[in-house]
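Engineer: Quick one: the structure is below, questions incoming.
Every number in this text was worked out from the coordinates using simple rules, so none of it is lab data. Bear in mind that the values here come from a model prediction, so they are computed numbers and not experimental data. Cβ atoms come from the backbone with ideal geometry, glycine included; neighbour counts cover every protein chain shown.
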Amino acid sequence: MFEEQATKVKITSVVILVGMSSMLAAVVTDHWAVLSPRVEKLNATCEAAHFGLWRLCKKSIFIVEADPQGKGCGPISLPGAKNCSYFKHFTSGEEAEVFEVKTQKEYNISAAAIAIFSLFFMILGTLCVIFSFGKGRDYLLRPAGMFFAFAGLCIIISVEVMRQSVKRMIDSDETIWIEYYYSWSFTCACAAFTLLILSGVALLLISMPHMPRNPWETCMDAEPDTLD
C-alpha cells in the first residue's frame with residue numbers, strides 16, 4: 001500500500017470508528033421511539049413508553065403541567081416508576097412482557113435480525129481493513145468497502161422496519177399510545193447509516209487503480225516496441 005493511500009485509509013478508518021460506535025449505541029439501547037398516551041387531565045399519572053430492538057420500558061409519570069413541546073405524557077426524562085422487560089420472543093417463560101399488538105413481535109424479530117447482519121458485515125469490514133495494511137494486501141480494501149456499505153444498508157432497513165412498527169402501534173386501536181417521537185437511539189442508527197455508506201464508498205474509491213492525470217502519462221510510461 002502506498003503511503004498516500006495508507007493515509008487516506010487511516011482517515012477513513014476514523015470515520016468508520018465513529019459510524020461503528022453510533023451503530024453499537026443504537027443496537028444496544030432502547031430509545032428508538034417514545035410513545036405517549038393522551039393526557040386527559042393534569043395532576044394525574046400517565047404511562048409513557050420507550051423501546052428499542054430488544055426490550056420495552058414503561059414509565060409512570062405524574063403530570064403536573066402540560067408538556068410545552070406538546071408530546072403528551074412526558075417528557076420521558078421526568079421521574080417516575082420504570083418497568084423494563086425484554087420481548088417474549090427473546091426470552092423464555094410467561095413473565096416476559098410483549099407489546100399489546102400481535103404484529104409487533106414480527107416487526108422486532110425482523111429489525112433485530114437485520115441489525116445482527118449489520119454487525120456481522122461491520123466485523124468483516126474491520127478485519128479486511130486491518131489486514132489491508134500488510135504488504136501487497138491493499139486489494140482487501142475493495143471487499144472492506146463493500147462490507148461497510150452492506151452494514152449501512154442493513155441498519156437503514158432496520159430503521160425503516162422500526163418506523164413501520166411504531167406507525168402500526170399508533171394506528172392500532174389495541175394500544176393506549178397515540179403520540180410518538182423518535183429519540184436518540186434512532187438518530188444514532190441514521191448517523192451510522194450515513195457514515196458507514198460514505199466510508200464504504202470511500203474505501204472503494206481508494207482501492208481503485210491510479211488513473212493518469214493526462215492521457216500522455218500512459219503513453220510515456222509504455223515500453224517502446226522492439227523491432228525483430
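Engineer: How do 146-159, 115-128, 46-59 rank on mean C-beta neighbours within 10 Å, highest first?
Structural biologist: Peptide ranking by packing, descending: 146-159, 46-59, 115-128.
Engineer: Here's another thing I want to ask about it. Would you grab the residues whose amide H sits under 5 Å from the one on residue 29? Only those 5+ places off in sequence or on another chain, please, with H modelled 1.01 Å from N.
Structural biologist: none
Engineer: Please list, in order along segment 133-149, the HN-Hα scalar couplings obtained from phi with the Karplus expression 6.51 cos²θ - 1.76 cosθ + 1.60 (θ = phi - 60°), rounded to whole Hz, x for Gly and Pro.
Structural biologist: 6, x, 5, x, 10, 5, 5, 6, 5, 5, x, 4, x, 5, 5, 5, 5
Engineer: Using modelled amide H (1.01 Å from N, peptide plane; none on Pro or chain starts), what sits under 5 Å from the amide H of residue 178, excluding residues fewer than 5 places away?
Structural biologist: 36, 38
Engineer: Could you give the nm distance between label points at residue 201 and residue 85, where each point is 7 Å from its Cα heading toward the beta carbon?
Structural biologist: 4.5
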